[in-house]
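Following: one structure in structure tokens, then a few remarks.
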Amino acid sequence: MSVCGSTTTASTTTSTTLASGGSTTTTTTVPASSCDALAGFAALECICTGGVAPASCTADRVPGAVGKLLHRACMRVQRGSTVDNPKKVKKDVHGAGVAFGKALSKVTKAVRAKKHPLPSACGVALTTILDDAKQRSAGIGAGL
């Protein structure tokens, strides 16, 4: 049984005050990463096996650059987990973190786009996954 196969949810609540004096509250339920129980390269590899298609994005078109950057980052993670030279491991982990960060900025840009924007539910799900991967890669890099 794979730990990466289990799913749980986490909620994010956002409150907005309107100019008319009223307020609105939006709650977005996002699947929590099933890779939370893992650490190090195992966690990053688990995130990479999930890909860029969370359940909330099945009907949405995710920008191609996000998939390419995630693939690039995952290749760096895979290579870094098999290399014995600490300098090369650090270089690969840093490169993966940079690619995760670039993918994160592409998602943010796609959500804010005026033409054919990425729906916010999909954007939140992708942002959660990519930010988690970026933070984990930074944590691995700091430990080397």
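Where a number appears in this text, it was derived from the coordinates with a stated rule and is not lab data. A quick note: this is a predicted structure, and the numbers were derived from the prediction, not measured. All Cβ positions, even for glycine, are placed from backbone atoms using ideal geometry, and neighbour counts span all protein chains on display.
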If the label point is 7 Å along Cα→Cβ of residue 108, which residues in region 130-144 have backbone nitrogen under 14 Å from it? 130-132, 134-135
Quarter of Cα convex hull surface for region 33-142, i.e. mean projection, nm²: 6.3
Full extension between residue 116 and residue 144 adds, at 0.36 nm per residue less the Cα distance, a length in nm of 5.9 nm
Under a cut-off of 30 Å between alpha-carbon atoms, report the lysines in cross-link reach of residue 114, not counting same-chain residues fewer than 8 places apart. 68, 102, 106, 134
Extended-chain gain in nm, criterion 0.36 nm per residue less alpha-carbon gap, residue 68 and residue 42: 7.3 nm
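Work out, step by step, the length gained on full extension between residue 135 and residue 82: first 0.36 nm times the residue separation, then minus their alpha carbon distance; give nm to one decimal.
That works out to 17.0 nm of additional length.
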Of 41-53, 89-101, ordering from highest average Cβ density within 10 Å down gives 89-101, 41-53
